[in-house]
1. If you add up the charges near Ala101, with Lys and Arg at +1 and Asp and Glu at -1, over every other residue whose beta carbon is less than 15 angstrom from its beta carbon, what do you get?
2. Just in segment 1-69: which trypsin sites (Lys or Arg not before Pro) are loop by DSSP and have at most 14 other Cβ atoms within 10 Å?
3. Return the loop-located trypsin sites (Lys or Arg not before Pro) in segment 80-119 (DSSP other than H, G, I, E, B) with at most 12 other Cβ atoms within 10 Å of their own Cβ; answer none if there are none.
4. About the Cα centre, and with charges only on the beta carbon of Lys, Arg (+1) and Asp, Glu (-1), how big is the dipole of segment 388-511? Nearest 20 debye, please.
5. My understanding is that a pair violates if its Cα-Cα distance is over 27 Å; which of Lys367/Lys474; Lys110/Lys474; Lys368/Lys474; Lys367/Lys491; Lys28/Lys160 do that in this structure?
6. Taking the Cβ of Lys367 as the centre, find all other residues whose Cβ is under 14 Å away and add up their charges (Lys, Arg: +1; Asp, Glu: -1).
7. Can you give me the angle between helix 148-161 and the longest principal axis of the chain, using Cα atoms only, in degrees from 0 to 90, rounded to the nearest 10?
8. Roughly how big is segment 94-247's charge dipole about its Cα centre, with Cβ charges of +1 (Lys, Arg) and -1 (Asp, Glu), in debye to the nearest 20?
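Since every read-out is calculated from the coordinates, none of them should be taken as a lab result. Predicted model only: the values in this text are computed from it and were never measured. As a convention, Cβ positions derive from the backbone with ideal geometry for all residues, glycine included, and neighbour counts pool all protein chains shown.
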Amino acid sequence: MNDQLIIFDTTLRDGEQSPGASMTREEKLRIARQLERMRVDVIEAGFAAASNGDFEAVRGIAEVIKESTVCSLARANENDIRRSGEAIRPAPLGRIHTFIATSPIHMEKKLRMSPDQVVEQAVKAIGWAREYTDDVEFSAEDAGRSEIDFLCRIFEAVIKAGATTINVPDTVGYNVPEQFAATIRALIERVPNSDKVVWSVHCHNDLGLAVANSLAAVRAGARQVECTINGLGERAGNAALEEIVMAVRTRKDIFTCDTRIDTTQIVPASKLVSGITGFPVQPNKAIVGANAFSHESGIHQDGVLKHRETYEIMRAEDVGWGANKLVLGKHSGRNAFRSRLAEIGIVVESEEHLNHAFARFKELADKKHEIFDEDLHALMSDEVVTPEQEHFRLVAWRFHSETGESPEGEITLSAGGKEIRATARGSGPVDAAFKAIESVAESGTELVLYSVNAITSGTDAQGEVTVRLGRNGKVVNGQGADTDIIVASAKAYLNALNKLHDKQERLNPQV
Ligand code: KIV
Ligand code: ZN
């Protein structure tokens, strides 16, 4: 029997809970379009009650996504659920995902509620959610450390109240595969009407077991897996979508189910998420790492040349490697630019914005003759949509570095609309640029991470820089891309400062 395994992607919600991975509404829309193109079944678009910005992002996604179900997370309280219900209203297929903690430690120490009160609240939550949609998911937070009898009791109650998907999260990544599979099997056997709902799992990777636990649960009867692109997520992350999908597809002899995913969209999705969040993908990462399909040893190379399957269990092109084709050049016109953006999921909402982006594209094409999709993504990530998003802007620069002298950087910034010039020396030109910016911004931040990646190949490639800044426990990532990596670095630093400058307070659903 070949059942469908539902792929529930939570990159935009749990993935965004990774420190520094916060995304703008436009970036979330771009990722949502890519997830839809990849044929993800359910897109968890966010936690609508977290802030007005989060509400707008979920609603914006609900307005444009037609083929995938759009879901909003809500704690089991009336306000969260009504905010979620309003946010998903425009979606042709909308889901509310409500949760409450069920482990003894969470109920007693975090919620300060008795088990009876937790069941009562969960049942009420399903009732509120059903006022908006028939597609209601219930999660027992920290199910991985909850008592099985209590899980059976609460799941029976929420199914009776109208929940259609029951999710079993290993919130703290504590479980191991055999034991997690046994829990899922027991729940499906013991909970009355278990055959009327879809059983789902949501595993965190604290012990590196998120994918193994999810797959063991699928073997035990789970038919939805919650996962993220590149395994992004709280702490050590969530189960990686690409690994779940390719394991099930490659081992058809083991799994009696398959997904609807268009696997050729996996690598583009991975690159998009990595570029937007600034979280690089390690080279040896399964499926989407740069080395995942390269054979270094002579014996392996010889084997693959003679017969590919000697050392390869999947084909690189089946997961989207090799898709980076030359797309545009300096002679490409405005219409070609607009339609390529649309093809890769970037919709430019106003003519003014398109003109601005096109002028920047022309500047880039003058420096770099071949423009790839990755360049377009980087260019558009730099595009500022509202002036509030850009308190600091790089206006002009000059860097000087020569043998025997410490490098000097001169930077002209626009800060809140006022132009200021600053000069500084540093141990290298990037250090000098950051010091010059800091002498103006006086942000008091700590530089937590600095990394540079070439977006495409060749010495004329754009360098994409990620800068992670921390201040008073808040961590932000900034990105900048340019063919000059010192300029890319300055842009990334300013991008991070702009995010810190955005004072919008957001709730984390689990705090
Ligand atoms: O890890 C978790 O328990 C969650 C729930 C909100 C599903 O993210
Ligand atoms: Zn989670």
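1. On the way: positive: Arg75, Lys109, Lys110, Arg112, Arg145, Arg153; negative: Asp80, Glu108, Asp116, Glu120, Glu141, Asp142, Glu147, Asp170, Glu234.
For residues surrounding Ala101, the net value is -3.
2. On the way: sites: Arg13, Arg25, Lys28, Arg30, Arg33, Arg37, Arg39, Arg59, Lys66; in loops: Arg13, Arg39, Lys66.
Those satisfying the criteria are Lys66.
3. On the way: sites: Arg82, Arg83, Arg95, Lys109, Lys110, Arg112; in loops: Arg112.
Sites meeting the loop and neighbour criteria: Arg112.
4. Details: 13 positive and 17 negative charges, 94 e Å.
Rounded to the nearest 20 debye, it is 460 debye.
5. Details: Lys367/Lys474 36 Å; Lys110/Lys474 22 Å; Lys368/Lys474 36 Å; Lys367/Lys491 17 Å; Lys28/Lys160 35 Å.
In this structure, Lys367/Lys474; Lys368/Lys474; Lys28/Lys160 lie more than 27 Å apart at Cα.
6. On the way: positive: Lys330, Arg360, Lys362, Lys368; negative: Glu363, Asp366, Glu370, Asp375, Asp460, Asp482, Asp484.
Spelling it out: positives minus negatives among the neighbours equals -3.
7. Value to nearest ten degrees: 90.
8. On the way: 15 positive and 21 negative charges, 36 e Å.
Charge dipole, segment 94-247, about its Cα centre: 180 debye, nearest 20.
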